[in-house]
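Colleague: This is the structure I want to talk about, given as structure tokens.
The values are calculated or read from the model by the stated rules, or taken from the named source; none is laboratory data. Treat the numbers as computed from the prediction; the structure is a model and nothing was measured. Cβ: placed from backbone, ideal geometry, glycine included. Neighbour counts: every protein chain shown. Heads up: the accessible areas ignore ligands, DNA and RNA and are worked out on the full protein's heavy atoms, side chains in. Shrake-Rupley method; radii C 1.70, N 1.55, O 1.52, S 1.80 Å.
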Amino acid sequence: MVPTVGDSLGSGVTLTRYLLRRLLGLVPTLWAIATLTFGALYLVPGDPALVLLSESHATAAEIARRRAELGLDASLPEQYGRYLARIVQGDLGTSLFTGRPVTAEIRQQLPATLQLAVAASAVAVTLGLAMGLLAAVNRGHWPDAVITAAATVGIATPVFWSGLLAMWLFALVLGWLPATGQGGLEYLVLPAGVLGISSAGAIARVCRASLIEVMDRPYILAARARGIWPRSLLMRHALRVALLPTVTVIGVQFGFLMGGAVVTETVFARQGLGRLVVEAILRKDLPLVLGTVLVGATGYVLINLCTDILYGVLDPRVRDGGR
Amino acid sequence: MKHRNWSSWLFLLAVVISVTLVGCQSKAQPASLVYGLTLIPSGIDPHIHASSELGIPLRSVYDTLVYLDPDTGVFVPGLATEWTVSEDGRRYTFKLRTGVRFHDGSRFDAQAVKFNLERVLNPETGSQKARYMVGSLRQIEVPDELTVVLDLAEPYAPLLDSLSQVYLGMASPTAVQKWGNADYQFHQVGTGPYRLAEYVPGDHLTLTRYTDYDWGPSFLRAEGRNQVGEVVFRFYQDPATRAVALESGQAHVMGEIPPQDAARIEGRSDLALLPVPIPGQPLQLFINSTRPPTDELAVRRALIQAVDRAAVVQTVFGSWSPVADGPLTAVTMAHLGGFGDMYPYRPSVAAALLDQAGWVDPDGDGVRARDGRTLNISFYYMSWGMMPEVAQMVENAWRAVGFQVESQLVAYPAALEAARNGDHNVIPFNLSGTDPSMLDSFYTSGGGFNWSKVSDPDLDAWFQAASVSTQLAERITLYQRAQQRIMEQALVMPVRDYVNLNGVSRQMAGLRYDAQGWFPLLATLSVQE
């Protein structure tokens with residue numbers, strides 16, 4: 001995926017240059033995201049001024065006046081230009097509905113979403129790797145069949161359904177955990193578990209497939225023939241190689257988890273970026289949607305950059321090449 | 001093989017450990033009352049924001065100049081002890097209560113009233129609702145410390161009703177000035193029975209009792225022991241989780257329980273169901289009187305008579321909601337009913353109306369047509385308030401008498417836009433409120449929400465007259481005349497009177513709601529011994 005990293009990892013200067021190049025490469029990506037989001041939002045019918053006053057007794061004339069006050073009567077290119085000029089200065093604007101800066105709104109909701117995404121990732125990675133490992137080691141036997149089936153069920157089950165089931169079982173029937181809300185660690189167990197499990201399936205599959213592929217390689221077979229004990233063989237030789245594709249999947253899955261957080265936050269009545277952006281879309285709060293999407297996209301792009309770098313670090317060919 | 005045993009045991013161990021860990025987190029007894037809200041308002045400053053949800057907690061934070069007594073429907077003193085309205089209806093003089101202090105210790109007086117109303121009027125405040133509730137209020141005079149005079153360019157009959165609502169609640173000028181318009185919502189200070197302790201958007205809002213409070217009307221006076229000292233509001237947007245939160249003991253009061261969960265709540269010994277009828281408009285389908293084919297009265301009438309509304313309401317909303325009878329719900333002032341007789345469920349009558357208008361189905365394909373045009377209805381609806389369920393049944397009924405229905409489930413902004421542009425033949429909506437003047441913006445030609453696209457000089461004149469009249473009886477007559485016209489013209493198909501199904505823990509006693517129906521009177525709430 002990034003062969004250049006492999007060649008250059010030994011030298012600090014080239015790594016810095018590589019990182020700079022990658023970070024600069026983010027600029028057109030983010031511009032594209034900003035523009036696409038802007039376009040999509042403005043293509044969808046709806047007048048924020050009308051939504052804003054939909055619970056008032058405003059007359060048609062008063063609604064038109066509010067629209068002008070919000071600067072929404074300007075032409076599309078003009079609004080786009082103003083928007084770009086603003087984000088270049090690092091100003092995400094002011095929410096049409098709350099009247100507060102978009103950055104303040106995001107700062108308020110981001111920690112809860114990060115907490116959920118990180119916890120869910122931990123569940124997904126731990127569970128996914130464990131399941132993949134177990135399945136690969138027991139290839140063709142019952143644990144493999146059970147795990148493969150479970151992974152498929154995990155991938156196929158939508159969070160809004162498994163979330164309700166988990167809530168019913170652990171909060172209503174057993175009474176072990178709070179059903180909804182946030183607070184201490186006990187509030188995180190159900191949402192992070194449900195979200196993590198849904199993502200663990202994908203990780204388990206990739207981990208299993210790549211482990212099996214590695215274990216069939218001649219050098220592993222040769223090692224086994226020389227009588228090396230399976231566990232150390234697995235840990236020392238096979239697992240590291242098999243982790244490579246898995247790391248890529250984990251990076252992608254983090255994006256999936258951020259997306260899943262939208263649903264999970266709603267089901268478990270947690271605060272967070274997901275609910276913020278959904279609400280903003282439903283109200284057509286243009287600056288808030290644009291700002292949140294931009295921040296989310298930046299996060300996702302950065303995570304994938306990190307995975308790419310990690311990939312280079314983990315690749316044994318890279319390490320050997322560096323010496 | 002050895003390794004297989006080892007790994008299987010590890011797997012089992014992991015399962016056991018995780019289950020044990022989970023089991024250790026036992027449920028703690030709640031220290032305060034948890035009240036479930038159903039949507040996250042974009043903001044909660046009542047002077048600025050419009051959500052009815054914000055009033056659920058904040059009705060208890062603010063006092064208003066007057067209150068609408070939920071038992072008698074009469075305006076009673078609040079922060080104003082008495083008031084007079086000039087003969088021409090343009091000057092309101094309020095005498096204010098002495099000894100009232102805001103939660104921050106500052107004094108409530110006439111200057112505070114002036115400050116609050118001027119804040120609402122100021123375009124920079126960006127009010128989404130309050131600004132449109134005060135008619136043509138142009139000046140606030142303060143002849144002395146305890147007298148306020150409101151001067152209007154034109155009489156505005158709903159003013160007292162507006163002044164009784166939380167959107168015109170009296171906030172501490174000190175606090176508003178300290179925090180500014182954007183951040184005041186997190187630090188709101190009123191004179192009501194509860195103070196706002198904390199607000200974390202999307203997570204919770206906490207109220208604590210204001211122990212000095214002793215100036216409210218009788219229905220806000222706390223009596224007896226075991227009063228609730230703290231109320232924590234949490235947000236339960238997903239209807240499916242509301243009953244779960246209540247049943248698991250996480251929440252003690254929950255609004256808008258879905259009808260399919262209501263019977264189960266009602267059947268439990270630890271919970272009670274408290275249905276509260278909401279004044280205002282019912283859930284109703286506005287019928288566009290300018291877009292073909294609903295520009296024809298016969299077609300509009302056929303739409304109404306083709307639908308078994310009682311069956312729709314029973315199926316979708318259960319037995320708790322009355323079938324709507326007219327453009328206002330039965331518990332609203334000036335409500336006029338009897339339209340069940342005007343438009344009984346008669347598919348045969350609907351078919352005959354269409355036949356007479358020339359909409360026939362000679363080719364027998366089930367769809368009527370005239371002059372080569374099919375009888376096509378463009379039906380927009382939104383995803384909330386059980387609208388999709390209602391839409392499905394209504395559509396089937398229309399198809400049965402020969403309509404072709406093109407329905408679209410759209411997001412709220414798109415629905416509002418379509419309705420404004422008149423892209424619809426039919427679109428649902430409802431708005432709650434105590435004063436029938438809410439009908440103005442829906443049925444006058446310049447109304448912001450004139451979705452029937454009606455332009456009837458009589459309706460315009462009646463609404464205008466009702467809005468400036470100082471005689472209650474006259475206003476009621478005018479609004480009833482308007483309702484009669486609206487229904488004769490079949491501008492709307494009323495579906496269901498809104499009833500808020502609240503689930504309440506039986507640990508709580510004395511839960512009541514104000515005249516608006518949405519807002520709990522938390523002051524009288526207590527914990528059962």
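Colleague: Considering the Cα trace of region B:275-398, what is its radius of gyration and what is Dmax, both in angstroms?
Modeller: Rg, Dmax (Cα atoms, Å): 15.6, 50.
Colleague: Rounded to the nearest whole Å³, what is the per residue volume of the convex hull around the Cα atoms of region A:101-283?
Modeller: On the way: hull volume 24.1 nm³, N = 183.
Once divided by residue count, the hull of region A:101-283 is 132 Å³.
Colleague: Under 10 °C and 1.306 mPa s, how fast does region A:250-313 diffuse according to Stokes-Einstein, given a Kirkwood radius computed over C-alpha pairs? Answer in µm²/s, whole number.
Modeller: Calculated translational D: 125 µm²/s.
Colleague: Same structure again: Give or take rounding to whole Å, what are the principal axis extents of the alpha carbon atoms in region B:185-301, in descending order?
Modeller: Principal-axis extents of the Cα atoms in region B:185-301, largest first: 61, 36, 31 Å.
Colleague: Further, regarding this structure: Which net charge results when you count Lys and Arg as +1 and Asp and Glu as -1 among the other residues whose beta-carbon is under 13 Å from that of B:ARG346?
Modeller: Values: positive: B:ARG301, B:ARG309; negative: B:ASP308, B:ASP341.
With Lys, Arg at +1 and Asp, Glu at -1, the neighbours total 0.
Colleague: Taking the Cα centroid of region B:244-305 and of region A:46-63, what is the distance between the two, rounded to the nearest whole Å?
Modeller: Cα centres, region B:244-305 to region A:46-63: 24 Å.
Colleague: Here is a follow-up. Over the Cα atoms of region B:280-497, Rg to Rh with Kirkwood Rh, two decimal places?
Modeller: Working: Rg = 16.8 Å, Rh = 17.5 Å.
Rounded to two decimals, Rg/Rh equals 0.96.
Colleague: How large is the Rg to Rh ratio of region B:123-239 when both quantities use alpha carbon positions and Rh follows Kirkwood? Could you put the intermediate results ahead of the total?
Modeller: Numbers: Rg = 17.1 Å, Rh = 17.1 Å.
That ratio equals 1.00.
Colleague: Right, next: Among A:ALA104, A:LEU72, B:PRO322, whose Cα sits farthest toward the positive end of the charge dipole of the protein assembly as shown (+1 at Cβ of Lys/Arg, -1 at Cβ of Asp/Glu, about the Cα centre)?
Modeller: Of the candidates, A:ALA104 comes out farthest on the positive side.
Colleague: Tally Lys and Arg at +1 and Asp and Glu at -1 over the other residues with C-beta under 13 Å from the C-beta of B:GLN111: what net charge comes out?
Modeller: On the way: positive: B:ARG107, B:LYS114, B:ARG119; negative: B:ASP109, B:GLU118, B:GLU141, B:ASP144, B:GLU145.
Once all neighbours under 13 Å are counted, the net charge is -2.
Colleague: For chain A, which whole percent of the accessible surface, found with a 1.4 angstrom probe, sits on carbon and sulfur atoms?
Modeller: 70 percent
Colleague: Now, a different point. With θ set to phi - 60° and the Karplus curve 6.51 cos²θ - 1.76 cosθ + 1.60, what are the ³J(HN,Hα) couplings of region A:244-249 in order, to the nearest whole Hz, using x for Gly and Pro?
Modeller: 3, x, 5, 4, 4, 4
Colleague: Among A:VAL277, B:VAL120, A:LEU15, flag the residue with its Cα farthest along the positive direction of the charge dipole of the protein assembly as shown, charges on Cβ as +1 for Lys/Arg and -1 for Asp/Glu.
Modeller: Checking the options against the dipole of the protein assembly as shown, the answer is A:LEU15.
Colleague: Still on this structure: Could you state the per residue volume, in Å³, of the convex hull enclosing the Cα atoms of region A:154-239?
Modeller: On the way: hull volume 10.7 nm³, N = 86.
Spelled out: Cα convex hull of region A:154-239, divided by residues, is 124 Å³.
Colleague: Looking at this model, which pairs from B:LYS95/B:LYS453; A:LYS284/B:LYS178; A:LYS284/B:LYS453 are more than 32 angstrom apart at the alpha-carbon?
Modeller: On the way: B:LYS95/B:LYS453 43 Å; A:LYS284/B:LYS178 30 Å; A:LYS284/B:LYS453 24 Å.
From the list (B:LYS95/B:LYS453; A:LYS284/B:LYS178; A:LYS284/B:LYS453), the Cα-Cα distance tops 32 Å for B:LYS95/B:LYS453.
Colleague: Using a 1.4 Å probe over the heavy atoms of the protein chains, calculate the carbon and sulfur portion of the accessible area of region B:64-116 as a whole percent. Before the final figure, lay out the partial values.
Modeller: Working: 1150 of 2450 Å².
Of all accessible area on region B:64-116, carbon and sulfur atoms account for 47 percent.
Colleague: Also, quick follow-up: Evaluate the Kirkwood expression for the hydrodynamic radius of region B:336-444, namely the inverse of the mean inverse distance over all pairs of different C-alpha atoms, and round to one decimal in Å. Write out the running numbers ahead of the final one.
Modeller: Working: mean 1/r = 0.0624 Å⁻¹.
Computed over region B:336-444, the radius equals 16.0 Å.
Colleague: Then there's this: Take the Cα of A:ALA222, step 7 Å along the line toward its Cβ, and report every residue of region A:245-267 whose backbone nitrogen sits under 13 Å from that point.
Modeller: none
Colleague: Give me the 1.4 Å probe accessible area per residue for the protein assembly as shown, excluding ligands and nucleic acids, in Å².
Modeller: Numbers: 34740 Å² over 852 residues.
Value for the protein assembly as shown: 41 Å² per residue.
Colleague: Here's something else I'd like to know. When the scattering of the protein assembly as shown is computed by the Debye formula from its Cα atoms alone, each counted once and equally, what is log10 I(q)/I(0) at q = 0.05, 0.10 Å⁻¹?
Modeller: Evaluating at q = 0.05, 0.10 Å⁻¹ gives log10 I(q)/I(0) of -0.34, -1.17.
Colleague: Please compute how much accessible surface disappears when A pairs with B, both sides summed, using a 1.4 Å probe, and round it to the nearest 100 Å². Before the final figure, lay out each step's value.
Modeller: Working: alone 17390 and 22610 Å², together 34740 Å².
Roughly 5300 Å².
Colleague: Indicate the residues belonging to region A:133-150 that lose 50 Å² or more of solvent-accessible heavy-atom surface (probe 1.4 Å) upon moving from the chain alone to the assembly of all protein chains, ignoring ligands and nucleic acids.
Modeller: Those are A:LEU134, which lose 50 Å² or more relative to the chain on its own.
Colleague: Right, next: How large is ³J(HN,Hα), in whole Hz, for each residue of region A:210-226 in order, when computed from phi with the Karplus curve 6.51 cos²θ - 1.76 cosθ + 1.60 and θ = phi - 60°, using x for Gly and Pro?
Modeller: Each residue's phi maps through the Karplus curve to give 6, 4, 4, 4, 5, 5, 8, 6, x, 5, 6, 4, 5, 4, 5, 5, 7 Hz.
Colleague: Using the C-alpha atoms of region B:29-176, what convex hull volume per residue, in cubic angstrom, is computed?
Modeller: On the way: hull volume 20.6 nm³, N = 148.
It comes to 139 Å³ per residue, whole-number rounded.
Colleague: If you don't mind, there's one more thing I want to ask. Using amide H atoms built 1.01 Å from N in the peptide plane, name the residues 5+ places from B:TYR67, or on other chains, whose amide H lies under 5 Å from its own.
Modeller: Under 5 Å from the amide H of B:TYR67: B:VAL76, B:GLY78.
Colleague: Additional query: Seen from all sides and averaged, what is the projected area of the convex hull of the Cα atoms in chain B, in nm²? The partial results should precede the final answer.
Modeller: Values: hull surface 130.1 nm².
Value for chain B: 32.5 nm².
Colleague: After finding the eigenvalues of the alpha carbon gyration tensor for region B:101-175, what semi-axes result from the square roots of 5 times each, listed largest first in whole Å? Don't jump to the answer; show the numbers that get you there.
Modeller: On the way: eigenvalues 80, 45, 25 Å².
Working through the eigenvalues yields semi-axes of 20, 15, 11 Å.
Colleague: According to a simple spin-label model (label point 7 Å from Cα along Cα-to-Cβ), what is the distance in nm between B:LYS95 and B:ALA272?
Modeller: In this crude spin-label approximation the distance works out to 3.9 nm.
Colleague: With a 1.4 Å probe and all protein chains kept in place, how do A:TYR300, A:TYR80, B:TYR443 rank by accessible area, largest first?
Modeller: Working: A:TYR300 95, A:TYR80 55, B:TYR443 0 Å².
Of A:TYR300, A:TYR80, B:TYR443, the descending order of accessible area is A:TYR300, A:TYR80, B:TYR443.
Colleague: Could you give each residue of region B:279-292 its phi-based ³J(HN,Hα) in whole Hz, using Karplus coefficients 6.51, -1.76, 1.60 with θ = phi - 60°, and x for Gly or Pro?
Modeller: For region B:279-292, the Karplus curve yields x, x, 8, x, 5, 8, 9, 6, 10, 6, 8, 10, 8, x Hz.
Colleague: Something else: For region A:45-100, how big is the tail of P(r) above 14 Å, as a whole percent of Cα pairs? Display every interim value, and only then the final one.
Modeller: Values: 944 of 1540 pairs.
For region A:45-100, the share of Cα pairs beyond 14 Å comes to 61 percent.
Colleague: If you add up the charges near B:ALA324, with Lys and Arg at +1 and Asp and Glu at -1, over every other residue whose beta carbon is less than 14 angstrom from its beta carbon, what do you get? The partial results should precede the final answer.
Modeller: Values: positive: B:ARG309, B:ARG496; negative: B:ASP308, B:ASP325, B:ASP497.
Spelling it out: positives minus negatives among the neighbours equals -1.
Colleague: What's the Kirkwood radius of chain A in Å, using all Cα pairs? Before the final figure, lay out each step's value.
Modeller: Details: mean 1/r = 0.0440 Å⁻¹.
Mean inverse Cα-Cα distance, inverted, gives 22.7 Å.
Colleague: Can you give the relative contact order of chain B as a percent, counting alpha carbon pairs under 8 Å and 6+ residues apart? If you can, show how the numbers build up before the last one.
Modeller: Values: 1087 pairs, mean separation 100.6, N = 529.
Computed value for chain B: 19 percent relative contact order.
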